[in-house]
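Structure first, then comments.
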Amino acid sequence: MQMRANAVAKLDDELCPVEGPMSVTAMLLDVTDPIAEITKVDLKRQFQKAVAAVEQGGLVEVYTLTDEEGKLTRTFRGCNPGDDKNADVWISNPKMIQKRWQEGFERPLREVEDRIGEGTEAKRSPIMAGIQRIVIESFSDKQSEGKPKKIYVASDTIEHTDSFSIYKSGPDTEAYEKSTARDRYRTPLDGVEVKFLVFQRETAEPISGLPEFWLHWVQTNGGEFLGYERLAGVE
């Protein structure tokens, strides 16, 4: 019995194992422009799926993108402490474990989910800088070394900054490689999986080639491209 009790993970203030999280999942929500109501519904569904896939001891971070390059708003950071289904009734209190999971993990994430899609039109959409900030500031933590890392990017994926703008150049990888953005937004994505959840927008001229552009960006930075999934609806 004592050996089983000693095997129970000790948790820190963010409900993470004191020796470090088992994995890190970051979600970057691009709210620099409004999205359609049906897109909000679909995005919330995808958000729920991503959270549900995080194992006990896995860290979840949620960020919202702003139109200021590299400036993000973190709306949640915490680990999945496990619910009563993971409790050992011989050495723990399932009711207390369920309460801890609900109050420290499930409920605050539900509040974040309820606010998804709240955004106003912005002048810039610095998606690359947002991914870069997460990788440099969060994924580089020593306790996360060697652990699985994944980023979900919920966005229209239309990068628009002074260094490089898809509105001006299109999703042209050659134009990007020749721009100052190539070095400015260079990001060490080694060991990082990246998946895009994409809002569809009506533009003056249709923009084709976005999935291939982001595949190129992720792979040239050393990451693993998990996919480019278009969400329901058009704004």
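Just a few scattered comments:
- From the list Phe225, Phe199, the lone residue that is more than 30 Å from Gly57 (Cβ to Cβ) and either assigned to a strand (DSSP E or B) or in contact with a helix residue (DSSP H, G or I) (Cβ under 7 Å, 6 or more places away or on another chain) (or both) is Phe199.
- Residue-level check: of (1) modelled with pLDDT of 90 or more; (2) crowded, with 20+ Cβ neighbours inside 10 Å, Thr73 misses just (2).
- Residue satisfying condition, being surrounded by fewer than 17 Cβ atoms within 10 Å (Cβ to Cβ) and farther than 27 Å from Arg74 by Cβ, within set Gly170, Gly227, Gly191: Gly170
- Scan region 48-72 for residues that are touching a strand residue (DSSP E or B) at 6+ places or on another chain (Cβ under 9 Å) and in a helix (DSSP H, G or I) and the total you get is 2.
- Residue that is surrounded by the most Cβ atoms within 10 Å (Cβ to Cβ) [pool: residues in region 119-153 that are at pLDDT 95 or above and part of a strand (DSSP E or B)]: Ile151
- The requirement of being modelled with pLDDT of 95 or more, over 17 Å from Glu113 (Cα atoms) and small (Gly, Ala, Ser) is fulfilled nowhere in region 5-14; no residue meets it.
- Only one entry in Gln219, Gln200 is touching a Lys or Arg at 6+ places or on another chain (Cβ under 9 Å) and either at positive phi or not small (Gly, Ala, Ser) (or both), namely Gln200.
- Looking only at region 161-196, residues that are in contact with a His (Cβ under 7 Å, 6 or more places away or on another chain) and part of a loop (DSSP other than H, G, I, E, B) come to 0 in all.
The values are calculated or read from the model by the stated rules, or taken from the named source; none is laboratory data. None of the values given here were measured: they were computed from a predicted structure. No Cβ is skipped: glycine too gets one built from the backbone with ideal geometry, and neighbour counts run over all protein chains shown.
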